[in-house]
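Structure first, commentary second.
No lab work stands behind these numbers, since they all come straight from the coordinates. Just so it is clear, the model here is predicted, and its values are computed rather than measured. For neighbour counting, all protein chains shown are included, and Cβ atoms are generated from backbone atoms with ideal geometry for every residue, glycine included.
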Amino acid sequence: MTSQMKETFGEYIRMLRTKKGLTLTQLAARLDLDAANLSKIENGKRDFDDKRLSKLADTFDLNIDKLQNEYKSDRLAKHIYEMDCSNEVLKVAEEKAAYRRTLKK
């Protein structure tokens with residue numbers, strides 16, 4: 001997995017699935033999903049459930065921490081896109097996130 005995944009998380013799942021030669025039905029069964037829902041996830045019409053990340057990591061022998069980072073960054077990117085945030089808003093938000101981290105200590 002690259003450190004700068006450009007595709008959506010659903011597209012990433014499709015790429016992993018096709019690389020491994022799995023059908024939608026086969027992967028859906030491993031993730032305890034039905035094929036229709038997995039298809040919606042791969043096509044960006046439904047979000048992937050983070051409770052299934054460990055199953056996804058196991059299926060494709062991926063590092064769970066890196067996979068969680070990709071998942072979280074995709075969710076955040078989707079939210080930023082939907083809110084139509086400017087670079088200035090993102091910069092201020094990043095500063096506020098850094099400040100909130102100091103509050104935890």
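Report the one residue of 22, 80, 57 whose Cα lies farthest in the direction of the positive end of the charge dipole of the chain (charges on C-beta: Lys and Arg +1, Asp and Glu -1; origin at the Cα centre).
The Cα lying farthest towards the positive end belongs to 57.
Set the Förster radius R0 to 25 Å, insert the Cβ-Cβ distance between residue 86 and residue 25 as r into 1/(1 + (r/R0)^6), and round the FRET efficiency to 0.05. If you can, show how the numbers build up before the last one.
Details: r = 43 Å, r/R0 = 1.71.
Plugging the Cβ-Cβ distance into 1/(1 + (r/R0)^6) gives 0.05.
According to a simple spin-label model (label point 7 Å from Cα along Cα-to-Cβ), what is the distance in nm between residue 40 and residue 7?
2.1 nm
Using the Karplus curve 6.51 cos²θ - 1.76 cosθ + 1.60 with θ = phi - 60°, work out ³J(HN,Hα) for each residue of segment 96-104 in order, rounded to whole Hz, and write x for Gly and Pro.
5, 5, 4, 4, 4, 4, 5, 5, 5
Do the alpha carbons of any pairs in 20/72; 19/55; 45/91; 55/104; 6/66; 55/96 sit beyond 22 Å of each other, and which pairs? Display every interim value, and only then the final one.
Details: 20/72 24 Å; 19/55 17 Å; 45/91 29 Å; 55/104 31 Å; 6/66 15 Å; 55/96 33 Å.
The answer is 20/72; 45/91; 55/104; 55/96.
Please list, in chain and number order, the residues 5+ apart from residue 47 or on another chain whose amide H is under 5 Å from its amide H, with Hs placed from the backbone.
Sorted by chain and number, the residues that satisfy this come to none at all.
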